[in-house]
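Working notes for the structure below.
Any read-out appearing in this document is the output of simple, stated calculations on the displayed coordinates, not a laboratory observation. Nothing here was measured: the structure is a model prediction, and the numbers come from that model.
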Amino acid sequence: MAYIKSQPYLIQTFDTSRILDQFERDFQNFFNKTDWFEIEKKSSYPKMNMFVNPEEGITIEASVVGLTKDDVKLVYEDNTLTISGESPKSEKFDESKITYQLREIPKGTFRRSIMIDSKYFDVSKIKGNVENGLLKITIPILEHIAETKKQKVIQLS
């Protein structure tokens, strides 16, 4: 639980996950208005961070702990970037003989899609790598778009 001060002298408690879910929805709604990209919200795994630098492009970081580059697949087709793969099942336990008391680590196949508009981003230069449980994807902004975003200093006469 997190404590958030909503008014002077009044403290309310909120479930942190609800706040983060609302933040993610607000973040997605903000960027959806720009028509740059859209996230398919059918799945929330892998957890992702995505940020845009208007002069460089999009960087996506996805948590893929325990997976290697061979376990993860990136496909771009029809303005959609799809991250998919399969996390290996635990070989230590016979699943039929145990009862989980807590299960938070996802196992099995996963798929998450993000709409990336090729009008704004150079999708031919999408790069991705997996290192230390983090999938990092970079998508550069198109050169002519980046040029319009750069600040130009005008000399006064």
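Worth a mention:
- Fraction of alpha-carbon pairs over 16 Å apart in segment 37-147 - percent: 62 percent
- Normalised contact order of segment 37-147, rounded percent, pairs of Cα under 8 Å and 6 or more residues apart: 36 percent
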